[in-house]
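Remarks on the structure that follows.
Just so it is clear, none of the values below were taken in a lab; they were calculated from the coordinates. Here the structure is a predicted model, which means the values were calculated and not measured. Backbone-built Cβ (ideal geometry, glycine too); neighbour counts: all protein chains shown.
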Amino acid sequence: MFQNMNKMEKENKKIALETRILNGKVNDYNAEFAMSSPVYRSASFEFTDAESMAAAFQNRSKQYTYTRLANPSIADFEKKLKVASEAESVVAVSSGMSAISQTFFTIAYSGCNIISSAHLFGNTFSFFTSTLSKYGVEIRFVDTTNIEEIRNAIDDKTCAFFAEVITNPHMEVVDLKSISEVLTKKNIPMIIDTTLIPWCGINSRDLGIDVEVVSTSKYISGGGTSLGGAIIDYGTHDWKSNPHLGPLLKQKGISRFMFKLKAEIIPNVGGILAPDNAYLQSLGLETLALRYEKMSYSAFWIASKLEDNKFIETVNHLKLESSKYKEIADKQFIGYPGAMFTLSLKSKEKCFKFLDHLKIIRRTTNLFDNKSLAIHPESTIYGCCSFEDKNKMGIKDNLIRLSIGLENKEDLLSDILNSLENID
Ligand SMILES: *Cc1c(COP(=O)(O)O)cnc(C)c1O
């Protein structure tokens, strides 16, 4: 509230992410100057008179009306995300899937197509192939590591290119800058799910990402306390050629995409973030950079100690020489590329035995909790998918996914080594 960080920035002093997150000017509504933002646990907001009530509902004043439309705790979290990402505008929603679905409800239309990798988070794959496709949206699956395939899939009905920054659990990395060059020439927006690499590990704007969708349930919530999602617009795409967005009047400081999302899609879909969760996620955001640094270094250290282990077929970590994607990951990401890596064992049965012998690492889904987590994706996250869909998504049954937390890294390595000794 009182700090002069904005003044420092005007004097061209670049302020680092961890400083911005903690001290960026965000809260205009904190009447008592509380250091920790209050939680506004209220469905509606009242008015002194009928005229001010009418003014608020007609957007002639900034007073809050009803939490599905706006709430000070959600707004506070959104401003913090904006300070962290340095984007043009941000909206926080109820989950990562809420961010993905509401983004595509905003831009997709019957007859359009979306170009995407088939190697997707399970619910994103299902949202595309089972939900959106019923409304006349075509999903064109391509190999997103092949630029020519992307170029050839584009036509005048392409409304977006979508990919995950690192595919989960395959650990493939797309070359964002090269793809962005192709997309920019054809005026196609690049929408990327960056859940696996937060802003301490990637400079999204420089790589040409127009819109980021994030599951804040993961790195940002920190302790795995709550679900949340965010849609982050860098204001870099001109939406004029989209038949739904082009006719909208251009607003000051907000893209046509964000305007439609905020004014129509979010109020109509209702997938808003709960104010309590906005508070929990704001707390998580404060320690993001610190946690990311420790977790991603530990993940690399553990992965490198497992490389020659006789029980493991391959260790898939982007910083290891054996990774096909090391070069692009080194170029694209800052520091160690995140806290997730995978192990290919000799069979599904050995994967189950490995999980059953873990004593510290938790058997659970989720990623980037403070605690380390392990899962066998094929039988769980993708357990209800058909054999054909698993094949399309590239899901193998001898794979274990690990998410490394904040525990002592030697303890975690011992836990893994001990479990491996027990799988025969
Ligand atoms: C978890 C996850 C999602 C979905 O997020 P929720 O908050 O669980 O809805 C989407 N994409 C990726 C890459 C994820 O890991």
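For the reader, a short list of remarks on this structure follows.
- Estimated D of region 121-187 in µm² per second, where Rh is the Kirkwood radius over Cα pairs and Stokes-Einstein applies at 4 °C, 1.567 mPa s: 100
- No Cys partner within the rule (Cβ under 4.7 Å), the chain: 200, 351, 384, 385
- Sequence-distant contacts, meaning Cα pairs under 8 Å at least 6 residues apart, place the relative contact order of region 220-337 at 25 percent.
- Neighbour-limited loop hits for trypsin sites (Lys or Arg not before Pro), region 339-424 (at most 12 other Cβ within 10 Å; DSSP other than H, G, I, E, B): 359
- With the simple spin-label model, which puts each label point 7 Å out from Cα in the Cβ direction, the residue 157 to residue 66 separation comes to 3.7 nm.
- Gained length - residue 251 relative to residue 334, 0.36 nm times residue gap less alpha-carbon distance: 26.5 nm
- Stretch gain in nm, segment residue 353-residue 421, where the contour uses 0.36 nm per residue and the Cα spacing is subtracted: 23.5 nm
- Debye log10 I(q)/I(0) at q = 0.22, 0.26, 0.28 Å⁻¹ for region 35-84, Cα point scatterers: -0.84, -1.00, -1.06
- Rg and Dmax of region 103-243, based on Cα coordinates, read 14.5, 44 Å.
- Taking all Cα pairs closer than 8 Å and separated by 6 or more residues, the relative contact order of region 292-399 comes to 23 percent.
- Percent of Cα pairs exceeding the 14 Å cut-off, where the set is region 323-417: 69
- Amide H within-cut-off set for residue 95, under 5 Å, with H built and near neighbours excluded: 229
- Separation of the residue 88 and residue 322 label points, Cα + 7 Å toward Cβ, nm: 4.5
- Within a Gaussian network of the chain (alpha carbon springs, distance under 10 Å), most fluctuating of 128, 47, 162: 47
- Percentage of interatomic Cα-Cα distances in region 170-232 larger than 14 Å: 59
- Considering every alpha-carbon pair of the chain, the percent of pairs per 10 Å bin, from zero through the bin containing the longest distance, is 4, 21, 30, 26, 14, 4, 1, 0.
- Between residue 193 and 163, 164, 165, 213, the built amide H atoms are under 5 Å apart, and every one of these is 5 or more places off in sequence or on another chain.
- When 375, 404 are sorted by how many other C-beta atoms sit within 10 angstrom of their C-beta, beginning with the fewest, the order is 375, 404.
- Legend: calculated FRET efficiency, residue 23 to residue 59, from the Cβ-Cβ distance at R0 = 35 Å, rounded to 0.05, equals 0.70.
- Averaging 1/r over each pair of different alpha-carbon atoms in region 345-396 and inverting the result gives 12.2 Å, the Kirkwood hydrodynamic radius.
- The label point for residue 410 and the one for residue 32, both projected 7 Å from the Cα toward the Cβ, are 4.6 nm apart.
- For the chain, built as a Gaussian network whose Cα springs stay under 10 Å, the top-fluctuating residue of 325, 219, 292: 325
- Region 171-210 versus region 134-161: alpha-carbon centroid distance in Å: 15
- Loop-located GluC sites (Glu not before Pro) across region 241-312 with a Cβ neighbour count of 14 or fewer within 10 Å are 307, with loop assigned by DSSP.
- Going by neighbour counts of Cβ atoms within 10 Å, the residues 171, 97 line up, fewest first, as 97, 171.
- The distance from the alpha carbon centre of region 263-326 to that of region 328-363 is 12 Å, rounded to a whole number.
- Rg/Rh for region 187-282, where both radii come from Cα atoms and Rh is the Kirkwood radius: 1.00
- Under 10 Å, Cβ to Cβ, from residue 96 - net charge with Lys/Arg +1 and Asp/Glu -1: 0
- Residue order, fewest to most surrounding Cβ atoms within 10 angstrom, among 199, 301, 239: 301, 239, 199
- Here the calculated FRET efficiency for residue 392 and residue 109, from their Cβ-Cβ distance with R0 = 25 Å, stands at 0.50, rounded to the nearest 0.05.
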